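Only one structure is covered here, and it is reproduced in the block below.
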Amino acid sequence: MFHVKQKIKMIVKDHFLTGESFEIKKISKGVMSTFPKIDNKKLKPYYNSKSYYSHNTTSSIMSLLYSWSSRFMTKKKINLISSLLKNKDSLLDFGCGKGDFLLAAKKSGFDVAGIEFLSSLQKELNKKNIKFYEKLEQLSKSVSAITFWHSLEHLNDLNQTLILSRKNLKESGILIVAVPNYDSFDSKYYKCFWAAFDAPRHRFHFNKRGIINTVQKHGFKHLYNKPMFLDAIYISILSEKYKGSKMYFIKGLIVGLFSNLLALFTKQSSSNIFIFQKMN
């Protein structure tokens, strides 16, 4: 995919589940990747573990924080989509999970569908009566917008997915991508403990210029981007937990707030939402 010499940037562990170690290598300007490469079939167990989605069902501090921030961000996402699609048109969410965002969009008047390959999550989508596909190739008609809310970094077939996304978008359609930023303060502070590396589930890692260049070369125009300030707090708290800090919540909260403060000047937020438009 990228034809440059690969250099080991760091060794990171799967702090969330297995404790296995993985290499993160720079593969092009602004883009890193997780090694060894794992095909999608072998990667499924890293998602199918109940603990990966337990923050949705348990009552821990992290779960409550995640639940609140998720509801808050869903409203923000709907407002963003509504400002871009005035006619409440068709919307596809790639890696839609349990479908909470799509359900909210549906209630707001959008014609929604999702892409989800995990059978455990597909059951949740069926319960919510949300239409879904396992692959982009299965879409029967073009849509006005495609969203990747922290899902693009999970893909092995990054280039092909962007090619198909453009193909399945209507004329001047909107592509929205939310990804972590490894040039943020919290990334540099936590290094190999930074929760947003999330190896091996995150196959690719970007800085701001890296994600813009990656998407633009597939026939998209970058319109603008927006910071995701809550991500810095959640990721920093989780990173402190991975470090084994006794007061991980307080320490992570302080680091997350400081990262956000710096980002007001450096424009290097922990995560960002990038808005692109299909070039015809």
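The values are calculated or read from the model by the stated rules, or taken from the named source; none is laboratory data. Everything quoted here is computed from the prediction, not taken from an experiment. Quick reminder, even Gly has a Cβ in these numbers, built from the backbone with ideal geometry, and neighbours come from all protein chains shown.
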Complete set of residues in segment 16-33 that are assigned to a loop (DSSP other than H, G, I, E, B) and either under 19 Å from the mean Cα position of the chain (by Cα) or crowded, with 16+ Cβ neighbours inside 10 Å (or both): PHE16, LEU17, GLY30
Conditions (1) of a type in the set (D, E, K, R); (2) touching a residue at least 24 places away in the same chain (Cβ under 8 Å); (3) within 30 Å of ILE237 (Cα to Cα): number failed by LYS76: (2)
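Listed here are the residues, each with its yes/no results for (1) of a type in the set (D, E, K, R); (2) closer than 26 Å to LEU65 by Cα; (3) touching a Ser or Thr at 6+ places or on another chain (Cβ under 7 Å).
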site	(1), (2), (3)
THR214	no, no, no
ASP231	yes, yes, yes
TYR234	no, yes, yes
LYS243	yes, yes, no
LYS246	yes, yes, no
ALA263	no, yes, yes
SER270	no, yes, yes
ILE273	no, yes, no
MET279	no, no, no
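Yes/no matrix, rows are residues, columns are (1) aliphatic (A, V, I, L, M); (2) in contact with a Ser or Thr (Cβ under 6 Å, 6 or more places away or on another chain); (3) under 21 Å from LEU223 (Cβ atoms); (4) at pLDDT below 95:
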position	(1), (2), (3), (4)
LEU91	yes, no, yes, no
LEU102	yes, no, no, no
LYS106	no, no, no, no
LYS123	no, no, no, yes
LEU139	yes, no, no, yes
TRP149	no, no, yes, no
TYR189	no, no, no, no
ALA195	yes, yes, no, no
ARG201	no, no, no, no
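For segment 168-208, which residues satisfy the criterion of being in a helix (DSSP H, G or I), basic (Lys, Arg) and touching a residue at least 12 places away in the same chain (Cβ under 8 Å)? Walk me through it before giving the result.
Keep residues of segment 168-208 that are in a helix (DSSP H, G or I), which gives 185-193, 195-197, 208.
From what is left, the residues that are basic (Lys, Arg) are 188, 191, 208.
Listed by number, the residues that qualify are LYS191, LYS208.
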Residue count for segment 243-266, restricted to those that are within 29 Å of LEU158 (Cα to Cα) and surrounded by fewer than 19 Cβ atoms within 10 Å (Cβ to Cβ): 1
